[in-house]
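Peer 1: Can you keep this structure in mind? I'll have questions shortly.
Coordinate-derived values only; no laboratory data. All values derive from a computational prediction rather than experimental measurement. Backbone-built Cβ (ideal geometry, glycine too); neighbour counts: all protein chains shown.
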Amino acid sequence: MGVLVGNGANVIDFAGAWEVFQDVVVPGRGTSEADESPFRIAMVSEKSEPLTATGGMIVTPRFSFDTVPALPNVLVIGAQGEHTPEKIAWIRKAAQKADVVMSVCTGAFLLAKTGLLDGLEATTHHDFYDAFAKEFPAVRLVRGPRFIDQGNVATAGGLTSGIELALHVVQRYFGTAVTNRAAHYMEYARSPQRPTV
């Protein structure tokens, strides 16, 4: 799976989802501890060089768009700057293979710029509802839910809502017991789930 970042990336948007996926364990899956951890996570950006996330955190993506060895099955897009044509094109390309492309917080703006949300329901951080609705009239903004799952695209509200959506994606793959085990390990209390549309 891939976590897409750029300068100004919100730390909890990418780190919250990362924590969820790294903590998933599927007992009895394969013959080793590595086999029981099904998600292989990599940070991706336009360039594989250090960038500055919120709060001054410096992160170095493992791969650039040119060096990533395979397109991800799950793509996480948190709030970030640099909504470049190259980034938008890469998201569109990745979406052709991905089981799910998920945005967190105002990462919904970047995802919406790809056109992948047109005609669908979506959400974003509550402080940005009006701006999102104005900029993307082809997207049916829903105010209030922690996340909205539209099948191969899904959007989360702000910040910790990305943890909620990541757990929901895990549940799609591995069911409730595995997901609840990961949430318990994280000491995270899950919210009631909104039904898939």
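Peer 1: Step through the residues of region 57-62 one at a time and calculate ³J(HN,Hα) from phi using the Karplus curve (6.51 cos²θ - 1.76 cosθ + 1.60, θ = phi - 60°), rounding each to whole Hz and writing x for Gly and Pro.
Peer 2: For region 57-62, the Karplus-derived couplings read 5, 9, 10, 10, x, 6 Hz, x marking Gly and Pro.
Peer 1: For the chain, modelled as a GNM with alpha-carbon contacts under 10 angstrom, which of PHE174, PHE21, PHE109 fluctuates the most?
Peer 2: With Cα springs under 10 Å in the chain, the top fluctuation among PHE174, PHE21, PHE109 is at PHE174.
Peer 1: Here is the link list: LYS97/LYS134; LYS87/LYS134; LYS47/LYS97; LYS113/LYS134. Which ones come out longer than 18 Å on Cα distance? Numbers along the way, then the final one.
Peer 2: Values: LYS97/LYS134 30 Å; LYS87/LYS134 22 Å; LYS47/LYS97 21 Å; LYS113/LYS134 13 Å.
Too far apart for the 18 Å limit: LYS97/LYS134; LYS87/LYS134; LYS47/LYS97.
Peer 1: Rounded to the nearest 20 debye, what is the charge dipole size of region 2-186 about its Cα centre when +1 sits on each Lys and Arg Cβ and -1 on each Asp and Glu Cβ? Display every interim value, and only then the final one.
Peer 2: Values: 15 positive and 19 negative charges, 57 e Å.
The dipole of region 2-186 has a size of about 280 debye.
Peer 1: If the elastic network links every pair of Cα atoms under 10 Å, which of ALA15, ALA34, ALA138 fluctuates the most in the Gaussian network model of the chain?
Peer 2: Greatest mean-square fluctuation among the candidates belongs to ALA34.
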